[in-house]
Amino acid sequence: MATAPTNTAGLQDVVAATSSICFLDGKQGKLLYRGYDIHDLAAHASFEEVAYLLWHDDLPTQGQLDELNASLVAKRDIPEAVTKLLESLPKTATPMELLRTSVSALSAYDPDGRDNSLPASLRKAERLAAQMPTITAYIHRLRQGEPLVHPRKTGNTAENFLYMMFGKEPDELSSRTMNVALVLHADHELNASTFAARVTAATLSDMYAAITSGIGALAGPLHGGANEEVMKMLLKIGDESRVEAEVKGIFERHEKISGFGHRVYRTEDPRATHLRQLSEELGRRAGNLKWFNMSRHIEQLVMQEKKLYCNVDFYSASTYYTMGIPIELYTPIFACSRISGWSAHVLEQLGNNRLIRPVAEYTGPTDLVYRPISQR
Ligand SMILES: CC(C)(COP(=O)(O)OP(=O)(O)OC[C@H]1O[C@@H](n2cnc3c(N)ncnc32)[C@H](O)[C@@H]1OP(=O)(O)O)[C@@H](O)C(=O)NCCC(=O)NCCS
């Protein structure tokens, strides 16, 4: 006899897919991409190596990496129609809205069209990974009222992105930081946006539809949008002397503190370890440790009061802020990295597909009688 379905709110602890892409142990704070420890990847790998790893199941040889780098560089330009689309959208649109809309529009210009085969989907993944940083940098320039900076044929994704944003050669620490941030955000098992992307892919809709779903899910403040909320909170607090009172106020009002807590981790998020270090290193170089020190203080208070660890979004806020990146670009940058993981999951889903279609526990009435509109 079939057992009655159980309702697990938020699908907590539900195994909804098999996957060989990302291993996450929330108790031990362990994160592996295709078996490689995130600490090793953050210390040694380029974002391109990680994208190759996620897409192809192992680290590339030098030849394979050279080929991928050349392929990504060749795909960096975006269609002029998408630039025009970006220019035509209201100035009030957020960068995440602009990114989601332009990624959706890109599908109409992809030479692989509706081809959903694995080779075509991989080419689409490469195009998206190459073009999303260009779109994000364009969005920044547009919002600043500055001329667009076209992508270069040189430099890795991190360097080229910073070059397109700021219109000048990035320094070594900024490039290294951006590369590490891209590596750290590349994948994270069945997080909400990856699940959204897999659900869309599983209907045999295409890569662009899946990634558009992922971007939509990432934008919310409970997910990728948290990094922007963290920086808004730091700016609102404004000074280290006010940290204690402000955080106490948040506790008293029973509000959530962005950048803390996690569905899976019950210990330090291994990605936060690296971002904490980078936030401090950048603060020292800038001669301004204010944002780092405030973050440290908040971290201690939240641990004391709530026993909650910070997540990936907490120190990425002060890291990006110290690099001079505008707040509303933090989540689009997350997306520029997560495109590698999202697309790897879409490829995996398409390789062994079954429609994802759970059931709901119905709680409404069952015996209502239809009444004509004139009688209601
Ligand atoms: C990430 C997050 C959505 C996980 O949610 P979840 O697994 O559904 O956990 P819940 O929201 O049910 O939280 C469980 C408990 O911890 C508390 N909690 C979780 N995160 C908290 C936070 N950031 N600040 C204060 N309390 C928090 C909840 O209030 C709840 O307490 P209760 O049991 O007394 O009601 C949640 O921790 C959160 O909202 N964090 C802030 C947003 C954020 O940083 N998101 C980025 C995640 S990488």
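Read the figures in this text as sums done on the coordinates, not as results from a lab. Just so we're clear, the structure is a prediction, and the values are computed from it rather than from any experiment. Cβ coordinates were reconstructed from backbone atoms using ideal geometry, including for glycine residues, and neighbour counts include every protein chain displayed.
Here the dipole of segment 33-192 is about 740 debye; that uses its Cα centre as origin and unit charges on the Cβ of Lys and Arg (positive) and Asp and Glu (negative).
Within the chain, helices built from complete DSSP H runs that reach 30 Å or longer along their own axis (Cα positions) and carry a mean Kyte-Doolittle hydropathy of -1.0 or higher are 118-144, 330-351.
Highest GNM mean-square fluctuation among ASP187, ASP313, ASP77, for the chain modelled with Cα contacts below 10 Å: ASP77.
Note on the chain: dipole from Cβ charges, positive end direction compared against LEU234, MET294, ALA129; the farthest Cα belongs to LEU234.
Taking the Cα centre of segment 226-322 as reference, the dipole from Cβ charges on Lys and Arg (+1) and Asp and Glu (-1) amounts to some 120 debye. Ordering 134-141, 6-13, 169-176 by mean Cβ neighbour count within 10 Å, with the highest value first, yields 134-141, 169-176, 6-13. Counting only Cβ charges, +1 for Lys and Arg and -1 for Asp and Glu, the dipole size of the chain around its Cα centre is about 860 debye.
Largest mean-square fluctuation among THR331, THR101, THR363, in a Gaussian network model of the chain whose springs join Cα atoms under 10 Å apart, belongs to THR363. Under the combined filter of DSSP loop state and at most 10 neighbouring Cβ atoms within 10 Å, segment 1-51 retains these trypsin sites (Lys or Arg not before Pro): LYS27. One-quarter of the Cα convex hull surface for segment 226-322, in nm²? Answer in nm², one decimal: 5.6.
Over the C-alpha trace of segment 116-219, radius of gyration and Dmax come out as 15.4, 44 angstrom.
Treat segment 92-166 as a sphere of radius equal to its Kirkwood radius over Cα pairs and apply Stokes-Einstein at 20 °C in a medium of 1.002 mPa s; give the translational diffusion coefficient in µm²/s, rounded to a whole number. Using the Kirkwood radius from Cα pairs, D works out to 160 µm²/s.
The residue among HIS56, LEU350, LEU204 whose Cα reaches farthest toward the positive pole of the charge dipole of the chain, with charges on the beta-carbon of Lys, Arg, Asp and Glu, is LEU204.
Short-range pairs are left out: with C-alpha atoms under 8 Å and at least six residues apart, the relative contact order of segment 226-322 is 44 percent. Using the average count of surrounding beta-carbon atoms within 10 Å as a protection proxy, the listed peptides 52-61, 272-281 rank, highest first, as 272-281, 52-61.
The Stokes-Einstein estimate for segment 19-116, based on a Kirkwood radius over Cα pairs and taken at 20 °C with 1.002 mPa s viscosity, is a diffusion coefficient of 130 µm²/s. When the charge dipole of segment 1-124 is built from unit charges on Cβ atoms (+1 for Lys and Arg, -1 for Asp and Glu) and taken about the Cα centre, the candidate among ALA120, SER46, GLY35 whose Cα reaches farthest toward its positive end is ALA120.
Highest mean first, the peptides 83-89, 338-344 sorted by other C-beta atoms within 10 Å per residue fall in the order 338-344, 83-89. What the Cα convex hull of the chain gives, in volume per residue, is 200 Å³. Using the rule -39500 (n - 2.57) for each DSSP H run of four or more residues, divided by the residues of the chain, the 222 nm mean residue ellipticity is -18000 deg cm²/dmol.
Using Cβ counts within 10 Å as a stand-in for footprinting exposure, how do CYS336, CYS22 rank, fewest first?
Result, fewest neighbours first: CYS22, CYS336.
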